[in-house]
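The values are calculated or read from the model by the stated rules, or taken from the named source; none is laboratory data. Everything quoted here is computed from the prediction, not taken from an experiment. Here Cβ is always computed from backbone atoms with ideal geometry, including for glycine, and neighbour counts include all displayed protein chains.
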């Protein structure tokens, strides 16, 4: 009875977490802490496999390497704030343990909840876009994002990443529907909401989420593709190549985003004035971060001092970039290396690489999630904001638990 109540509590807290991503920063923390507590109450170290132990250890070491840079940070207040922000990384083993104990039927519920939690803000935001289409299409051409009009107003790139994650989990379950014994109702609901979210992501046209989604889908679709007869392979590849073209033709916001992106790349390539060009400004921020990292490559500047050092170095390196456009790297590896050194940044890469290549019996949803989140982290510092650092830890935990689950044993 206690075990069943723990599992119900896990699903309930997961549901709160999924909806909180777009509704309430406070509830994000409360629900994640709740999942961690459930993980503690059920924790038995010996029940983890060698691979699960290895991934959990990497998460803990990654957090501790960041925490170590607190010791040489002059701004201890900022260092404390950053470490509190990154606590979900330390809690990864606990949340994973809570999810690992769940039965198969609960995993299906969690994926359904996640899909619907992203569907609501997506459809409201798409409606807002369509109601102000002329204005927003022009803003897209000027490198401006489409706002997410729901709850407290989640940052558009963060939302696109979580929306992409929901789509990948939906496709994975549909591909595994026989193994997971999905009912016809569940298959229909997952298909309809998953497809809707797929369309919404293209209309909202956040490049980071789109890129991450397509590569995430590629990882879980390739094994299925290899098993198909040659004729079916050709049909599947043709459909896969046609689908993005259909979305491009249907979505004027996506066409405008592509047009803006091409102009953005041209500015970056030719070294023109990068102000107000999203990608070109990122390139300048990457160059700036590399210079800062060179000052102390092994240990970094300090988790509390890196932001200030990045801004000061920016002013010296490239004063043509206006103060409002002097951004931090928006690339997690460089962000981490500037804060806590290349050792810490290498631990982050090791988490990703181990998740993709580290299992003999391939956990494709974990590999997909790791690649998706890594690509997202190449254009957004996903471990520097509350929503995305919680999403990173929570969805990696869900992918590890889901991919290693044998539905027939539940």
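Looking at 143, 160, 131, which is the one that is farther than 21 Å from residue 198 by Cβ and either without any contact (Cβ under 8 Å) to a residue 40 or more places away in the chain or surrounded by 23 or more Cβ atoms within 10 Å (Cβ to Cβ) (or both)?
131
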Given the criteria touching a helix residue (DSSP H, G or I) at 6+ places or on another chain (Cβ under 6 Å), assigned to a helix (DSSP H, G or I) and surrounded by fewer than 23 Cβ atoms within 10 Å (Cβ to Cβ), does residue 347 qualify?
yes
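Every residue, every condition in (1) surrounded by 22 or more Cβ atoms within 10 Å (Cβ to Cβ); (2) under 30 Å from residue 145 (Cα atoms); (3) without any contact (Cβ under 8 Å) to a residue 24 or more places away in the chain, yes or no:
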site	(1), (2), (3)
71	no, no, yes
74	no, no, no
82	yes, yes, no
85	no, yes, no
123	no, yes, no
Residue 374 versus (1) at pLDDT below 95; (2) part of a helix (DSSP H, G or I); (3) surrounded by fewer than 24 Cβ atoms within 10 Å (Cβ to Cβ): which is the lone unmet condition?
(1)
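Would a scan of segment 304-318 turn up a residue that is in contact with a helix residue (DSSP H, G or I) (Cβ under 6 Å, 6 or more places away or on another chain), in a loop (DSSP other than H, G, I, E, B) and farther than 22 Å from residue 84 by Cα? Spell out the reasoning first.
Restricting attention to segment 304-318, the residues satisfying the condition of being in contact with a helix residue (DSSP H, G or I) (Cβ under 6 Å, 6 or more places away or on another chain) are 304, 306, 309-310, 313-314, 317-318.
From what is left, the residues that are in a loop (DSSP other than H, G, I, E, B) are 304, 318.
Narrowing further to those that are farther than 22 Å from residue 84 by Cα: 318.
There is at least one residue in segment 304-318 that is in contact with a helix residue (DSSP H, G or I) (Cβ under 6 Å, 6 or more places away or on another chain), in a loop (DSSP other than H, G, I, E, B) and farther than 22 Å from residue 84 by Cα.
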Against the definition (touching a residue at least 60 places away in the same chain (Cβ under 8 Å), surrounded by fewer than 16 Cβ atoms within 10 Å (Cβ to Cβ) and over 23 Å from residue 113 (Cβ atoms)), how does residue 223 come out, yes or no?
yes
Given (1) more than 24 Å from residue 28 (Cβ to Cβ); (2) without any contact (Cβ under 8 Å) to a residue 40 or more places away in the chain, number of the condition residue 153 does not satisfy:
(1)
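Hey, does segment 247-255 have a residue that's assigned to a helix (DSSP H, G or I), under 22 Å from residue 19 (Cβ atoms) and free of Cβ contacts under 8 Å to residues at least 24 places away in the same chain?
No, the conditions are met nowhere in segment 247-255.
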Lone unmet requirement of (1) assigned to a helix (DSSP H, G or I); (2) surrounded by 16 or more Cβ atoms within 10 Å (Cβ to Cβ) for residue 259
(2)
For residue 246, which of the numbered conditions (1) on the phi < 0 side of the Ramachandran plot; (2) touching a helix residue (DSSP H, G or I) at 6+ places or on another chain (Cβ under 9 Å) fails to hold?
(2)
Can you tell me which of (1) crowded, with 16+ Cβ neighbours inside 10 Å; (2) at pLDDT 95 or above is the one residue 42 doesn't meet?
(2)
Free of Cβ contacts under 8 Å to residues at least 24 places away in the same chain, in a loop (DSSP other than H, G, I, E, B) and out of contact with any strand residue (DSSP E or B) (no Cβ under 7 Å at 6 or more places or on another chain) - does that describe any residue in segment 99-113?
no
